[in-house]
Amino acid sequence: MLLVKPLQHQTGDEIKILVFKTNLITKEEVNDIAPLLQNHVDVLRWNVDHHDKDNVLRIETTNLLPGDIELLLREAGYFCEELPD
């Protein structure tokens, strides 16, 4: 298991790393959601790991809750479910 030490954002807010199982399989699907995440003011960084069987989406944020991300992706037509710690 990899433990991640919480990072500090410039404002002093703790950065949370949210991790989700998704159905983002192709590069085109990732490109489809890219504008949603890149233009979201509360998403600091994000990536999708296609080498993981769950196509894991990792998001760094100071303000968003897992349900916010799940809703955002579901509204875009994709499956997204928070993975337990």
* What is the fewest-to-most order of Asp52, Asp85 by other Cβ atoms lying within 10 Å of their Cβ? -> Asp85, Asp52
* To do: Among (i) 21, 15, 11; (ii) 30, 22, 10; (iii) 37, 12, 8, find the value of semi-axes √(5λ) of the Cα gyration tensor in Å that was calculated from the structure presented, and write down its label.
  => (i)
* Asked: How would you rank Arg74, Arg58, going from fewest to most other Cβ atoms within 10 Å of each one's own Cβ?
  -> Arg74, Arg58
* **Between 0 and 90°, nearest 10: helix 27-38 axis offset from the chain longest Cα axis** => 30 degrees
* Structure fact -> In degrees, nearest 10, the alpha-carbon axis of helix 66-75 is tilted away from the dominant principal axis of the alpha carbons of the chain by 30 degrees
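Readers should treat all values here as calculations from the given coordinates under stated rules, not as data from a laboratory. Everything numeric in this text was worked out from a predicted model, so none of it was measured. Virtual Cβ from ideal backbone geometry, glycine too; neighbours counted across all protein chains shown.
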